[in-house]
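See below for the structure under consideration.
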């Protein structure tokens, strides 16, 4: 298959999914001069993009029929399968030479399946999950982890640069998703530490803002502590990334670990703690809402402390 040339003004972009991150990401492509059309389950969620000049398609298939490169960032693997491989999915509407790009955090095996199905029709497919949350999406400084053919990944560079800051080709189909699992495993146990540390600081009578000045720049520092710690302290649990989606990611990582014969006790504990968060009704909050569940275990009403 020939490698296409991708550039603003000539390449037509299709975008599926305009949620917490997708809206900003598609918006950056618009701002760079790409012609963008979108589809999403709830049209009103795409209204800001439509107001800026994006086109609309009723289905992923219809979107692909008018696009050269089709991106998607949706919720769960079943959604990925539907928007790419379903009867009205993007592959069904693609012509030879089109590129499908899944930016959802999904199953590595599904990324391989999509790539193989696409190849059989002369279509390219890339898996490119991201990290950085809502802030990274808004500020176009996402970390993008990419699996797929090197030439296609390189051709997509103008798109990657519009959305991200750290852009790394990890290997063949599925490699991007495996890398994202590494990312999520790191975050899972790390978030437990952030919340427990702040809970300890509060209970011992320390001023948490002052504590953060000491610990956030040393060996204990982390992205989660610096970016989500302040949100925790002011009871801002709005989602940069939904708890229920994080549980999905941990489930994928645990399943892959079992397949590879790996023991992952830290990840398993974090997943159980997050199940507690969801069971208390906070599944649509951000991942830092773990603090609410951990505080509750100690009899502390964190919001009203």
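When you check residue 29 against the structure, is it outside any strand (DSSP E or B) and crowded, with 22+ Cβ neighbours inside 10 Å, yes or no?
Yes: the conditions hold for residue 29.
With respect to residue 172, determine if the residue is at pLDDT 95 or above and within 17 Å of residue 3 (Cα to Cα).
For residue 172, the condition - at pLDDT 95 or above and within 17 Å of residue 3 (Cα to Cα) - is met.
Run down 72, 48 and say which single residue is within 15 Å of the chain's Cα centre (by Cα) and under 20 Å from residue 239 (Cα atoms).
Going through 72, 48 in turn, the sole match is 72.
Can you pull out the residues in the range 32-60 that are without any contact (Cβ under 8 Å) to a residue 60 or more places away in the chain, out of contact with any strand residue (DSSP E or B) (no Cβ under 8 Å at 6 or more places or on another chain), assigned to a loop (DSSP other than H, G, I, E, B) and on the phi < 0 side of the Ramachandran plot?
41, 42, 52
Within the range 225-252, work out how many residues are surrounded by 15 or more Cβ atoms within 10 Å (Cβ to Cβ) and not in a helix (DSSP H, G or I).
5
Take the range 26-44 and flag every residue that is over 15 Å from residue 8 (Cβ atoms) and in contact with a helix residue (DSSP H, G or I) (Cβ under 7 Å, 6 or more places away or on another chain).
38, 39, 40
Residues that are outside the structural domain of residue 112 (by TED's automatic domain parsing), modelled with pLDDT of 95 or more, assigned to a loop (DSSP other than H, G, I, E, B) and touching a strand residue (DSSP E or B) at 6+ places or on another chain (Cβ under 9 Å): does the range 176-193 have at least one?
no
Please determine, by comparing only the residues of the range 86-102 that are free of Cβ contacts under 8 Å to residues at least 60 places away in the same chain and surrounded by fewer than 18 Cβ atoms within 10 Å (Cβ to Cβ), which one is nearest to residue 68 (Cα to Cα).
Going through the qualifying residues, I end up with 95.
Checking the conditions here, which among 205, 190, 171, 176 is under 21 Å from the mean Cα position of the chain (by Cα) and on the phi > 0 side of the Ramachandran plot?
Just a single option satisfies the conditions, and that option is 171.
Could you list, in sequence order, all residues of the range 253-305 that are in contact (Cβ under 8 Å) with a residue 60 or more places away in the chain, surrounded by 13 or more Cβ atoms within 10 Å (Cβ to Cβ) and assigned to a loop (DSSP other than H, G, I, E, B)?
264, 300
Please find, within the range 103-117, the residue that is farthest from residue 249 (Cα to Cα) out of those that are touching a strand residue (DSSP E or B) at 6+ places or on another chain (Cβ under 7 Å) and buried (at least 24 other Cβ atoms within 10 Å of the Cβ).
That would be 114.
Considering only residues that are surrounded by 22 or more Cβ atoms within 10 Å (Cβ to Cβ) and not in a strand (DSSP E or B), look in the range 118-132 and name the one that is modelled with the lowest pLDDT.
Selected residue: 132.
Filter the range 160-174 down to the residues that are touching a strand residue (DSSP E or B) at 6+ places or on another chain (Cβ under 7 Å) and either touching a residue at least 40 places away in the same chain (Cβ under 8 Å) or closer than 17 Å to residue 124 by Cβ (or both) and list them by number.
Within the range 160-174, 160, 163, 169, 170, 171, 172, 173, 174 qualify.
I need the full set of residues from the range 232-248 which are touching a residue at least 40 places away in the same chain (Cβ under 8 Å) and under 20 Å from the mean Cα position of the chain (by Cα), in order please.
Matches in the range 232-248: 237, 238, 239, 240, 241, 242, 243, 244, 245, 246, 248.
The values are calculated or read from the model by the stated rules, or taken from the named source; none is laboratory data. Because the structure is a prediction, the values reported are computed rather than measured. Note that we place each Cβ from the backbone using ideal geometry, even for glycine, and neighbour counts take in every protein chain shown.
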